[in-house]
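Let me begin by presenting the structure, written as structure tokens, before commenting on it.
The values are calculated or read from the model by the stated rules, or taken from the named source; none is laboratory data. Quantities reported herein were computed from a predicted structural model and do not represent experimental measurements. Note: ideal-geometry Cβ built from the backbone for every residue, glycine included; neighbour counts use all protein chains shown.
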Amino acid sequence: MQRVRLPRLSRAMSGAALVALLAAATALPAEAQRRTEWQIGVGQRSQRGHVGVSVGSNGVHINAGYQGRHQRPVVNHCPPPVQQGYWETRYQRVWVPGPVRQIWVPEQYAVHYDACGRAHQYLVRPGYWDTIQEQGYWENRPTQVWVPYRAISTR
């Protein structure tokens, strides 16, 4: 345990108060000491811990505690390095597919005549959706590209 240093004035005052308390506690008659409960103490706190002494009808109590020094992490708030370069507009050739259309092709029926000449209609092909892809095209699209400066060697 690390010693906590008290200021000189506080130590002197603490010692004097403790002596006065002990003298007062011993001066009381034994019957008064049993009937009343009392306690008085002195202590000192610091950033690292605390120490204290108390005297009372239940005896002398000494308490102390130590808080270890916790190092806070060092945070470096440096700005990022400045990038040397420039933005350049470049054109890129891109294939753009044409639009897609869907059309409904209706069902198809046919008529069949039996031997008696009666007409019978039957389904030849059910209806369906036909997907038509229109023609696509090429397009030049502008894009922004970062171009860093290169160090020029003078060899």
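Apart from one condition, Cys116 fits all of (1) within 30 Å of Val147 (Cβ to Cβ); (2) in a loop (DSSP other than H, G, I, E, B); the exception is (1). Screening the range 62-93 for residues that are in contact with a Pro (Cβ under 7 Å, 6 or more places away or on another chain) and at pLDDT 80 or above and picking the one that is nearest to Pro142 (Cα to Cα) gives Tyr91. Is it true that Glu88 is more than 30 Å from Arg150 (Cα to Cα) and among the charged types (D, E, K, R)? When the stated conditions are applied, Glu88 does not pass them. Against the conditions (1) in contact with a Pro (Cβ under 6 Å, 6 or more places away or on another chain); (2) exposed (fewer than 10 other Cβ atoms within 10 Å of the Cβ), Glu107 satisfies every one except (2).
Quick check on His50: is it under 42 Å from the mean Cα position of the chain (by Cα), part of a strand (DSSP E or B), over 30 Å from Gln135 (Cα atoms) and outside the structural domain of Gly127 (by TED's automatic domain parsing)? Answer is yes for this residue. I want to confirm something. Restricting to the range 119-143 and keeping residues that are part of a loop (DSSP other than H, G, I, E, B) and surrounded by fewer than 10 Cβ atoms within 10 Å (Cβ to Cβ), which single residue is farthest from the chain's Cα centre (by Cα)? Out of the qualifying residues, it is Pro126.
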